[in-house]
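S.K.: Attaching a single structure in structure tokens format; questions to follow.
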């Protein structure tokens, strides 16, 4: 189990960091009439409530993990902890000139991209077991009940409609799921004697993982929605906008069978050797005799899974306003307990006609409090945005993660 968890954590971090949508804050909005535009979004964001970047960077770039590095993260853990991330690479083409329906101001949108979502909610004992092994828990009970891990990556192609005047849009997408992992331990307790060579295990949960390495594992269907609502804001009754946004909300069917391991609390194993958990014939080896003797059931099964789409509601920045300073704020939510509601607020400053800068603070998601910075420049028909939702992550190894997003826009 320890060996499996260490391998799973390493793959989790590598897969996430190197492959990895959060939104580029703030979101700018204008109603200028244009014919066509191309938008490119790329970026990643990962964080945790306890694990420090000095530890995650070792899994990513390599290097020796000292006891001090382990201790710094371990001491920050509480009873319930989170770690995870999201990421993207999306290109979108908008055509406001061609009308999909006669007498309607609806253009069309075509998009394609890559998305990934990774998250875990876990106990302090789980982290300690992965980092230190069983030595520090001799004569004690390791409690990992409530541990939940999910990871999924997918590509999408979408087509939809966009309102020429308000630029509100809806896009229907088809998804290719190329990787999926899910683990849920409702009950997980391990008790060992003082010598560390005999343990008792109580398990109740499931683990699901792809049974092969094919690029096409499943097919999904979903939609993106972007709707703007004008309202009066401030003493001078300036018009501002509330944005209601949905991204990648839908379901996928895994037509490639998933390997499903099922555990049952009716089985209590006493006298189980530690090498049966970490050795070549571990709980999750191909040895069915080991699995059967421990009461662990393994089977292959097709699965239907919900895509990790998010909903975001907030006040956005009016790019056409003559105000030097504008506020923005909102909330972002994913349909999973692993990701807590993400609340953000900030100020946008326009010192020059072609330049915007600003800062925001946020709380929630996979981590706790974070501060972000961004800048956006416009030159003719081109604009470039650069943002981070975790500026401390670039200057301190003691931070809980890193975040970087780039947005390019070309008006044709």
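S.K.: How would you order 309-319, 90-100 from highest to lowest mean count of nearby Cβ atoms within 10 Å?
M.R.: Numbers: 309-319: 19.8, 90-100: 16.3.
Most protected by this proxy first, the peptides run 309-319, 90-100.
S.K.: Then there's this: Set the Förster radius R0 to 35 Å, insert the Cβ-Cβ distance between residue 227 and residue 184 as r into 1/(1 + (r/R0)^6), and round the FRET efficiency to 0.05.
M.R.: For residue 227 and residue 184, the calculated efficiency is 0.55.
S.K.: Starting from the Cα of residue 200, step 7 Å along the direction of its Cβ; do the same at residue 382; then give the gap between the two resulting points in nm.
M.R.: Modelled inter-label distance: 6.9 nm.
S.K.: Additional query: Can you pull the one-decimal nm distance between simple spin-label points at residue 157 and residue 354, each 7 Å off the Cα toward Cβ?
M.R.: According to this spin-label approximation, the distance is 3.8 nm.
S.K.: Taking 7 Å along the Cα-to-C-beta vector as the label spot, tell me the residue 38-residue 211 distance in nanometres, rounded to one decimal.
M.R.: Simple spin-label model gives 4.2 nm for this pair.
S.K.: Another one. Round to the nearest 0.05 the FRET efficiency obtained for residue 172 and residue 67 when R0 = 51 Å and r is the Cβ-Cβ distance. It would help to have the intermediate numbers written out before the result.
M.R.: Details: r = 52 Å, r/R0 = 1.02.
Working from the Cβ atoms, E equals 0.45.
S.K.: Could you give the length gained on full extension between residue 141 and residue 396, defined as 0.36 nm per residue of separation minus the Cα-Cα distance, in nm? Write out the running numbers ahead of the final one.
M.R.: Details: separation 255, 0.36 × 255 = 91.80 nm, distance 3.47 nm.
Contour length minus Cα-Cα distance gives 88.3 nm.
Readers should treat all values here as calculations from the given coordinates under stated rules, not as data from a laboratory. Remember, it's a predicted structure, so these values are computed and weren't measured experimentally. Note that we place each Cβ from the backbone using ideal geometry, even for glycine, and neighbour counts take in every protein chain shown.
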